Amino acid sequence: MKALLLGSTGLLGQAIAPEWRRRGHTVLEAARHDAPIALDIADEAALAATLDAEAPDIVVNGAALTDIDACERDPGAAWRINARPLAFLADWSSRTGRVLLHVSTDHYYLDGGAAPHDEGAPVSLVNEYARAKYAGEALALTTPHALVLRTSIVGIRRWKHPTFAEWAIDVVLHDRPATLFNDAWSSSIDVRTFAGAALDMVEAGATGLFNLAASVVYTKEAFLREVARQLDVRLTSAVAGSVGELSTRRAGHLGLDVGRAEQVLGYHLPTLEEVVASVLNQYREGRP
């Protein structure tokens, strides 16, 4: 299988490319900068030319503007990157019969606490990031060959701006002062496990909308405290806080019910302990 990977230099792309190649597939890496194929997903003409030239069996869309505050400042950019390209990619998929794998988000739920949300749960779109990503889902699903995965990923990227996991490990190792959100719930999955499970979903022929995340719902605070436990470090400078203190309003109850995905996969998705263990293994290896 030949895959065109959009957003290949991001956290997700850096995990998908080696995992899918390890399992025998060809992966063509495309991104705006520092990728073998220089491509801006918002440039429809360039995207069309790349699809025509490479003729992939599947397009994996991992490109996104994920900075929530940046999306709020520039809704047009959020739309151009997170939504509009999916209309073009869905049309390509419908015309060619090729698969479109679109990676979405979990930023849709305002209540529920630690309860997981299934794919049919009502959504609340409280910021521009959520609105654009939800529109991208809807556009992707206009083709019957689309697989849309709602998720939240954590992992090691080693760029100048740390990922959440990199920040968390730094806080723990240096016992830095930090605010740990105890009201921000999620089912974040380590990016390596996600990369493998996403390929398993594709190989199983899954289409439509699925949640693909950890099998449990936990808080941001719980993630850091699990990192500290596995590193055998005591946190003395961290304090509990609320996601409501952030400048841009965010949905905070982001747990995902992964039952449907587990039925397709035939195995259980990871627990919090397994997610943290995988992230720490990445960190110790010194590479993404």
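The values are calculated or read from the model by the stated rules, or taken from the named source; none is laboratory data. For clarity, every value in this text was computed on a predicted model and none was experimentally measured. Here the Cβ is made from the backbone with ideal geometry for all residues, glycine too, and neighbour counts use every protein chain on show. Heads up: the accessible areas ignore ligands, DNA and RNA and are worked out on the full protein's heavy atoms, side chains in. Shrake-Rupley method; radii C 1.70, N 1.55, O 1.52, S 1.80 Å.
Taking the conditions exactly as written (hydrophobic (A, V, I, L, M, F, W, C), assigned to a helix (DSSP H, G or I), touching a strand residue (DSSP E or B) at 6+ places or on another chain (Cβ under 6 Å) and open to solvent by less than 60 Å² (accessible area, probe 1.4 Å)), does L147 satisfy them or not? No, not satisfied.
Here's the yes/no breakdown for (1) in contact with an Asp or Glu (Cβ under 6 Å, 6 or more places away or on another chain); (2) farther than 21 Å from A251 by Cα; (3) not charged (D, E, K, R):
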{"position": "A64", "(1), (2), (3)": "no, no, yes"}
{"position": "D67", "(1), (2), (3)": "no, no, no"}
{"position": "A70", "(1), (2), (3)": "no, no, yes"}
{"position": "R73", "(1), (2), (3)": "no, no, no"}
{"position": "L86", "(1), (2), (3)": "no, yes, yes"}
{"position": "L89", "(1), (2), (3)": "no, yes, yes"}
{"position": "W92", "(1), (2), (3)": "no, yes, yes"}
{"position": "R95", "(1), (2), (3)": "no, yes, no"}
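Scanning region 22-36 for residues that are in a strand (DSSP E or B) and open to solvent by 30 Å² or more (accessible area, probe 1.4 Å) returns T26, L28, E29.
Among R73, R32, which is at pLDDT below 95 and either in contact with a Phe, Trp or Tyr (Cβ under 6 Å, 6 or more places away or on another chain) or of a type outside the set (S, T, Y) (or both)?
R32
Report yes if some residue within region 132-143 is in contact with a Ser or Thr (Cβ under 6 Å, 6 or more places away or on another chain), in contact (Cβ under 8 Å) with a residue 12 or more places away in the chain and closer than 19 Å to I81 by Cβ; otherwise report no. Yes, there is a match, as at least one residue in region 132-143 is in contact with a Ser or Thr (Cβ under 6 Å, 6 or more places away or on another chain), in contact (Cβ under 8 Å) with a residue 12 or more places away in the chain and closer than 19 Å to I81 by Cβ. Scanning region 53-96 for residues that are of a type in the set (A, V, I, L, M, F, W, C), free of Cβ contacts under 8 Å to residues at least 12 places away in the same chain and open to solvent by 60 Å² or more (accessible area, probe 1.4 Å) returns a single hit, A53.
Summed over region 104-116, residues that are open to solvent by 20 Å² or more (accessible area, probe 1.4 Å) and either of a type in the set (A, V, I, L, M, F, W, C) or within 30 Å of R73 (Cβ to Cβ) (or both) total 6.
Anything in region 127-144 that is surrounded by 17 or more Cβ atoms within 10 Å (Cβ to Cβ) and either of a type in the set (S, T, N, Q) or in a loop (DSSP other than H, G, I, E, B) (or both)? List them, or say none.
So in region 127-144, the residues surrounded by 17 or more Cβ atoms within 10 Å (Cβ to Cβ) come out as 127-137, 139-141, 143.
Listed by number, the residues that qualify are N127, L141, T143.
Residue by residue, here is whether (1) touching a His at 6+ places or on another chain (Cβ under 9 Å); (2) closer than 30 Å to H145 by Cα; (3) modelled with pLDDT of 95 or more; (4) open to solvent by less than 40 Å² (accessible area, probe 1.4 Å) holds:
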residue: S188; (1), (2), (3), (4): no, yes, yes, yes
residue: L199; (1), (2), (3), (4): yes, yes, yes, yes
residue: A228; (1), (2), (3), (4): no, no, yes, yes
residue: G241; (1), (2), (3), (4): no, no, no, yes
residue: D257; (1), (2), (3), (4): yes, yes, yes, no
